[in-house]
Structures are given as C-alpha cells and as structure tokens.
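The values are calculated or read from the model by the stated rules, or taken from the named source; none is laboratory data. Being a predicted model, the structure only gives us computed values, none of them experimental. Backbone-built Cβ (ideal geometry, glycine too); neighbour counts: all protein chains shown. The area values use the complete protein model at the heavy-atom level, side chains included, leaving out ligands, DNA and RNA. Shrake-Rupley method; radii C 1.70, N 1.55, O 1.52, S 1.80 Å.
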Amino acid sequence: MSSHSASAAPATMNPAQMAAVQHLDSPCLVLAGAGSGKTRVITQKIARLLQPGEGADLAPAQIAAITFTNKAAAEMRDRAKALIGAKAAGKLLICTFHSLGVRLLRDDGEVLGLKPQFSILDSDDVTSILRDAGGTTDAKQARNWQWTISLWKNNGLNSAQALSQAQSDDEQVAARVMKLYEERLAAYQAVDFDDLIGLPLKLLAEHESVRMKWQRQLRHVLVDEYQDTNATQYELLKLLVGPQGIFTAVGDDDQSIYGWRGATLDNLKKLPQDYPNLKVIPLEQNYRSTSAILRAANHVIATNPKLFQKTLWSDLGEGAPVKLMEGDNEEHEAERTVAHFMALRMNLLEKHPGDPDKTAWNNFAILYRANHQARPFEQALRKANIPYKVSGGQSFFDKAEIKDLCAWLRLLLNNDDDPAFLRAVTTPKRGIGHQTLGTLGEFAGKWKVSLFEALFSESLAASLSKRALEGLHDFGRYVNDFEYKARQTYGGEDAKVLLLEWLKDIEYEKHLYDNEENEKVAAARWTNVLDFIDWVAKRCGGEIENDGGMTVETEKKSVIEVAQTISLITSLAERNADQNVVTLSTLHASKGLEWPHVVLAGVNEGSLPFSREEGEITPQQIEEERRLMYVGITRARLTLGVSALKRRKKGREYVQAIPSRFIAEMKLSEGGGPKEDPREKLRRQREELAAKAKAAADAAKAHL
Ligand code: ATP
Ligand code: MG
C-alpha cells in the first residue's frame, strides 16, 4: 500500500511537479490523471513552504492541507513526518474539510451561539432525532427527510427559506420537521456533518474579524482531490484564502465520484474565472501503473466526454496483461480471487525470498462497488487463513458497544447533549426507569433546560420519588466527577488508566455478558471495547517517536479534546495502516490509494455501473460510474484482475449476470506494441530522445 512511500528517501520530482511545488506567488491548480504524483506535489510543497530562505519560510501552523478522508490525512501526515520530522508535522493543520470545520467552530463558533464543547452527531443520531421530531416510527421516512434536509443545508438554506421554497406537500412537511430539528440541535449544542461545513462558512462570511484572523493565520492552503469538493466547500475555501488566494489545489476531473453527494465539477471550471492569475499545471507521467494497466484505464475513460484534455503515460514497462476473471457466483468468484492471490504470492516468494516489502499481504487489495459485496471475500480469506481488513465498510464506530461508549464521552464533553444523556443513563442499566426519565424530560422541556441540568434542579424533587431522585443524582455526580478527571488527564498512558477505571465503575463488561446470550459474541464486543480504549488513548498522544535520530514526545491531548473528534472518524483504518493484511474496500474508499496487486470484483451490469432495479440510470450516472471504474483500475501498480459473475444471487435465487460494459471498454484484446496510442508513442519517442540528449550532455560535461 502507499504507506510504503512514507519512509522513502528524498522523493524525486519531474519538472512539471517541481514547477507546481515552486509556484508560490499565485493560486495553482494541478490538473492531472491518476497516479501522476498530485498527492506527492502536495506533500513536497508542504516541505518547500517550510523551508527557510529560498522557500516561503512559513511556520507549520500557517499551512493547512485538506484531504478527502481522515485516512488520507493520516497518510499525508506520515509523509510529512518523513520529510520534516514528527514535531513540525504535528503542528501542520492536515485535515478533512469536516475536521477543519470542527477546528473553526471550536475556536470561534461562540459568535454563532455555539459553545466550544459542542457535540457532533452522526448519521444515526440524526435519523433518530428526525424520527422523534417528525413524530414517526418510520425509519425510511426519517431518512428521506434527512436526505432532503441535507441537500437544503448544502445549498445554504435554513428551514424558513426551505419552507418558502417548498414545491410540494412533502417538501412543506420536511421543512417543518427541519425547523424542529434545528431547534433541537441548538438546544443540544450539537451539529451534524453538514453543519461542519455550513456553519464555518457562515462564521467566516458574517464575521469579518474571524475571517481576517484566519486569513492572516493560514498563509497557504493545499487541497487534494479537489474534483470532489461541493459548492459550500468551495465557498469556504474562498473565504479561508481571501482575495490574495494563495492556495494549491490538485485534482482529476476523471476521478470525480461524489456527484451523488453534491460534489460538483463546476468548482474546477470556476477556478480560472474566480482567480484569473491561476497557474494551471498538467502532469502527464504516471508513476504508479504498468502500461498494460494504464492503457485499460485510458480506454475506459476515453468513452466519457472530455472536460479537460489530458495525456497519461507510464514508463514502468508493459507488465502483465490485465487478467479477466469469471465466477459462477459470488462464492466461486471469491474463491477464485483468493486462489489468484495465493498463486501470485507463491511466485513472489520464489522471486523475492525474504523480501517482505514485496510479498506481504498488504500488497493485495480487492475492490468492489458496494459494501455488501465484501462478505463472500471475507469468508474465502478466512478459510484460507489470510489476514484482511475491511475498509470503508460498516464502520467500527457504528457498533452498538462503541456507540454506547461514545455517548458517554459526548456527554462528558457537552452536558447539553440530551441524546447522549439518554444513552449513557440507560447503558449499562442503573435502575433508572422510563417513567423517571419521562418525568425528567417533561421538567426539562418546561424549563427549557437540558436533561442534565434538570437533574440537579431543586424543584425536580416534587415530581419524583426519593429513590428515583437519588439514582439520577448518583449518575449526575458520577458524570461530573469523570468529566473533571477527563479534563485533567493528558497523554495516552494516563488516559488508558482513566478509561479502564471508568469501564470498571460502570460495569460495562458485565453489561455485555448479561445482554448477550452467545458468550463468543460478548467476548468479541469486549475486545472491540478494549481496542477502542487503546485507540482513544493513542490519540491522546505523548508517545515517544524517533524523529531523525532524536526522540521526541508527540503532543499530549486531554481525553475531552479527543472525545470531540471521534464521530468524524469512520474507521480504525488509520491505526491499522501498516498491518500486513489484504485490504477489502469499496471503490469510493479506495480513492487516492494504491496497491501492487488489485482485483476488481463483481464487475457486472447492475453492480458497476450500479443501477437500482426500479430506476432508470441516467447518462450522467453512467459517466460517474465509468469514472469509478477508472479509479478502480488505476489503483493497481503491477497486476490487475477484473472479475465478473456469470450468475448472481437475487433473493434466494440465482439469475444470469451480464459482464459490465466497462470490461469491453478496456479493449483488452488491443495489446501494447504496434497498437500503442499514437500520442503515447510520440511522447515515448520524445522522452527517449531527451534521455539520449541528456546522456550526451552529461558525457560532454564529464569531458570538460
Ligand atoms: P491519484 O490520482 O490516484 O490520487 P496521484 O496523482 O495523487 O494519484 P500519487 O499518489 O502522488 O499520485 O503518486 C502515485 C505514485 O507515484 C506514488 O507511489 C508516488 O510515490 C509515485 N510518484 C509520484 N511522483 C513521482 C516521481 N516524480 N518519481 C517517482 N515516483 C513518483
Ligand atoms: Mg492522490
């Protein structure tokens, strides 16, 4: 996986990459195909910006690098560490748009009426609040509202504006539910994911002093995967960088795969209009894939209409042909894929004995369109005793036991978070019944205070039995006490002690075993809990790292600080980056990454391009699916298998499956050699000539 490159010696760069890195005095857009070293430009540019003298001489805190996922952020920090050392890298603001939003709101959100310890709700929390606010038990209805409200928010509309624009009865209802939803979020001091972009935008747009502060602070903003930003993110970027607009964006219109979530290529088209002094730099050499793989990718994407003309070539040699694979059904496909990997690895072990870099399982990945496709591969890998991890799948943080603990941490952070209060007070059960909570809820509603605040109110005593009241008070005191300690506890070691003590206090292990009939399941849940504790502790910092020969301690954070950002993390993948395991991933989650050996699985009509049984698929959707195929193909460095099913499961039956049109579009029968793309050929010849000329020049120099 690309983590190999983290420790690589000083990275070389071609002239175009160098030009992008050295361009400092106006905005810069690197627009280039997959594997051309765009992300490398960002990492190298960070180092350049920090360089005293000829560089820009910026301090780490003056630079923000925005990546698309937390995983990519972690990887970029690793790469930056290798270049500038752990200590300096720790001060860089390397984050996603969402975690940048957290930072802005935590520092300055008070002018919007948000306290620094606001909670961040995940998608499930939002669904249940909407169900409650809309007075329905229908989860599907709640999710429809969620979708609509999210779209409105992304378009900068609040509930009042949404209501005045509503076209149908359904939209009117959704707008009314949105109003209740807004009120609840304000009362809970909570925000949802859309708010993490929308509120910082509002903050910067409406508060000049805050805007100026950030514009002075951030002297260079770098954005990776720019093609997948949405309209609000672009607005936010514009306000962050200010009128001078010193930023570097890198992206590839052919890899835009989040249109369904509001990302828009308009952002690419707008850049040159909004910044007339924009320097656009193309990159044309692909350093990732063999020619066989790259040719297949180029053929597929050539079918889409071109927004920007691009060429992409590789001098890594022809390599193994792209392998077409077939499975009779899902299980068979999984077995074949695993057998294929085992054969490849046998070969590698023979060729490179004792070279774990080339033979480790983390050189292998299986990519698919939808999460549910992972299961047969997991089974087959388990059967073959091959270690694996599923990334981009059901999130670790969606597991009930982890949500329980997160609710507790959220309550510590923000006592006004009523949903967190309700979950924490009832998990594990502590003899506080629904009736008591109902009374507490009524009281809180009447006095417009949070449940936690209501609990300590003197007049509550009149409406509750002594026993019930004592139970609530015990809980409240425990939370206060724990919160106090969590605020004082910095660094991983102490954090771990505190968190384990907490689990013991609330008897969480017992709770798991009491509520789970199957002991094995309970044990697995408990293991998850311990993993989670380790993970939180690790994020509290204070570890000793080797930094260019010196040992340094990473910055320490309190448990409370760490608690706030937990809901932004969707997988433990960051922690597992270097594990020696096969990666199973959706195509969406594979963006920006690379592996030596890749199989694209289930490449059939209906899956890729994906289509719902009932719905028509529009030409725009096909184009986006084609870009997804392009992303998939270009993740592979040395070998690529493309697998299609002959039959697939539909309910309990098998139906015939049709290979994806994208397979034909790869034009695999057109080999390399004589049928080489003329542009590619020309370029190759030019390169060869240039190399010869350089050799001659070097030889001449040697004579002088
Ligand atoms: P994607 O579009 O998939 O995000 P990218 O354009 O960001 O790809 P990188 O991930 O930066 O490409 O680079 C692809 C691979 O090529 C990496 O392994 C990187 O280390 C390597 N690479 C990039 N530039 C060079 C170079 N000038 N010389 C050698 N290797 C390079
Ligand atoms: Mg990249």
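One line per residue, one yes/no per condition, for (1) modelled with pLDDT of 95 or more; (2) touching a strand residue (DSSP E or B) at 6+ places or on another chain (Cβ under 8 Å):
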{"position": "D169", "(1), (2)": "no, no"}
{"position": "E182", "(1), (2)": "no, no"}
{"position": "A190", "(1), (2)": "no, yes"}
{"position": "D194", "(1), (2)": "no, no"}
{"position": "G198", "(1), (2)": "no, no"}
{"position": "L218", "(1), (2)": "no, yes"}
{"position": "Q227", "(1), (2)": "no, yes"}
{"position": "P243", "(1), (2)": "no, no"}
{"position": "F247", "(1), (2)": "yes, yes"}
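Condition check ((1) within 20 Å of V41 (Cβ to Cβ); (2) surrounded by fewer than 19 Cβ atoms within 10 Å (Cβ to Cβ)) across all residues:
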{"residue": "A59", "(1), (2)": "no, yes"}
{"residue": "A86", "(1), (2)": "no, no"}
{"residue": "F97", "(1), (2)": "yes, no"}
{"residue": "L105", "(1), (2)": "no, no"}
{"residue": "F118", "(1), (2)": "no, no"}
{"residue": "V126", "(1), (2)": "no, no"}
{"residue": "A133", "(1), (2)": "no, no"}
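Can D315 be described as out of contact with any Cys (no Cβ under 7 Å at 6 or more places or on another chain), acidic (D, E), open to solvent by 50 Å² or more (accessible area, probe 1.4 Å) and more than 30 Å from A691 (Cα to Cα)? Step through it out loud before you land on a result.
On the way: out of contact with any Cys (no Cβ under 7 Å at 6 or more places or on another chain): yes; acidic (D, E): yes; open to solvent by 50 Å² or more (accessible area, probe 1.4 Å): yes; more than 30 Å from A691 (Cα to Cα): no.
Against the criterion (out of contact with any Cys (no Cβ under 7 Å at 6 or more places or on another chain), acidic (D, E), open to solvent by 50 Å² or more (accessible area, probe 1.4 Å) and more than 30 Å from A691 (Cα to Cα)), D315 does not qualify.
Only one residue in Q373, Q379 is at pLDDT 90 or above and surrounded by fewer than 16 Cβ atoms within 10 Å (Cβ to Cβ). Which one?
Exactly one of Q373, Q379 is at pLDDT 90 or above and surrounded by fewer than 16 Cβ atoms within 10 Å (Cβ to Cβ), namely Q379.
Conditions first: (1) within 16 Å of ligand 2 (Cβ to nearest atom); (2) out of contact with any Ser or Thr (no Cβ under 7 Å at 6 or more places or on another chain); (3) closer than 23 Å to S585 by Cα. T96 passes all but one, so which condition is the exception?
Going through the list (1) within 16 Å of ligand 2 (Cβ to nearest atom); (2) out of contact with any Ser or Thr (no Cβ under 7 Å at 6 or more places or on another chain); (3) closer than 23 Å to S585 by Cα, T96 breaks only (2).
Scan segment 607-628 and give yes if some residue there is within 16 Å of ligand 2 (Cβ to nearest atom) and hydrophobic (A, V, I, L, M, F, W, C), otherwise no.
There is at least one residue in segment 607-628 that is within 16 Å of ligand 2 (Cβ to nearest atom) and hydrophobic (A, V, I, L, M, F, W, C).
For P282, work out the one condition from (1) within 16 Å of ligand 1 (Cβ to nearest atom); (2) buried (at least 18 other Cβ atoms within 10 Å of the Cβ) it doesn't fulfil.
(2)
If I filter segment 62-69 for residues that are in contact (Cβ under 8 Å) with a residue 12 or more places away in the chain, away from ligand 2 (no atom under 16 Å from the Cβ) and open to solvent by 20 Å² or more (accessible area, probe 1.4 Å), do I get at least one hit?
yes
Collect the residues in segment 268-279 that are in contact with a Gly (Cβ under 9 Å, 6 or more places away or on another chain), buried (at least 17 other Cβ atoms within 10 Å of the Cβ) and part of a helix (DSSP H, G or I), keeping them in residue-number order.
L268 - this is the single residue of segment 268-279 that is in contact with a Gly (Cβ under 9 Å, 6 or more places away or on another chain), buried (at least 17 other Cβ atoms within 10 Å of the Cβ) and part of a helix (DSSP H, G or I).
Could we say that S611 is buried (at least 19 other Cβ atoms within 10 Å of the Cβ) and polar (S, T, N, Q) here?
no
Considering only residues that are among the aromatic types (F, W, Y) and away from ligand 1 (no atom under 16 Å from the Cβ), look in segment 210-261 and name the one that is farthest from the chain's Cα centre (by Cα).
Across segment 210-261, the extreme among qualifying residues is W214.
Mind checking which pairs have a first residue in segment 232-255 that is closer than 16 Å to V280 by Cα and open to solvent by 10 Å² or more (accessible area, probe 1.4 Å) and a second that is part of a loop (DSSP other than H, G, I, E, B) and among the acidic types (D, E), Cβ under 8 Å, 6 or more apart or different chains?
Qualifying pairs under 8 Å: I246/D25.
Restricting to segment 144-159, and then to whatever is open to solvent by 70 Å² or more (accessible area, probe 1.4 Å) and at pLDDT 90 or above, can you tell me which residue is nearest to K202 (Cα to Cα)?
By that ranking, first place goes to W147.
Residue-by-condition table, conditions (1) in a loop (DSSP other than H, G, I, E, B); (2) among the acidic types (D, E):
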position: I257; (1), (2): yes, no
position: L294; (1), (2): no, no
position: P305; (1), (2): yes, no
position: E326; (1), (2): no, yes
position: L348; (1), (2): no, no
position: G354; (1), (2): yes, no
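Identify, please: which residue in segment 1-15 is open to solvent by 40 Å² or more (accessible area, probe 1.4 Å) and small (G, A, S) and is, among those, modelled with the highest pLDDT?
Filtering segment 1-15 for residues that are open to solvent by 40 Å² or more (accessible area, probe 1.4 Å) and small (G, A, S), the one modelled with the highest pLDDT comes out as A9.
Suppose we filter P619, P609, P659, P596 for residues that are modelled with pLDDT of 85 or more and within 16 Å of ligand 1 (Cβ to nearest atom); which single one remains?
Exactly one of P619, P609, P659, P596 is modelled with pLDDT of 85 or more and within 16 Å of ligand 1 (Cβ to nearest atom), namely P596.
Which residues, taken from segment 221-242, are among the hydroxyl-bearing types (S, T, Y) and within 16 Å of ligand 2 (Cβ to nearest atom)?
Those that are among the hydroxyl-bearing types (S, T, Y) and within 16 Å of ligand 2 (Cβ to nearest atom): Y226, T229.
Looking at (1) open to solvent by less than 60 Å² (accessible area, probe 1.4 Å); (2) within 14 Å of ligand 1 (Cβ to nearest atom); (3) among the aliphatic types (A, V, I, L, M), can you tell me which one V300 breaks?
(2)
With the structure loaded, tell me whether I246 is of a type in the set (V, I, T) and over 24 Å from R48 (Cβ atoms) or whether it fails that test.
So I246 does not fit the description; no.
Please find, within segment 34-47, the residue that is least open to solvent (accessible area, probe 1.4 Å) out of those that are over 14 Å from E284 (Cβ atoms) and in contact with an Asp or Glu (Cβ under 9 Å, 6 or more places away or on another chain).
Among residues in segment 34-47 that are over 14 Å from E284 (Cβ atoms) and in contact with an Asp or Glu (Cβ under 9 Å, 6 or more places away or on another chain), the one least open to solvent (accessible area, probe 1.4 Å) is I42.
Tell me, which helices (runs of 4 or more DSSP H) lie completely within segment 30-101 with 2 or more residues that are modelled with pLDDT of 90 or more?
38-50
Step by step: first the residues of segment 16-29, then only those that are farther than 22 Å from I84 by Cα and either within 14 Å of ligand 1 (Cβ to nearest atom) or of a type in the set (K, R) (or both), then the one that is surrounded by the most Cβ atoms within 10 Å (Cβ to Cβ). Which residue is that?
L29
Somewhere in segment 271-287, is a residue under 23 Å from the mean Cα position of the chain (by Cα) and under 23 Å from G33 (Cβ atoms)?
No, segment 271-287 contains no residue that is under 23 Å from the mean Cα position of the chain (by Cα) and under 23 Å from G33 (Cβ atoms).
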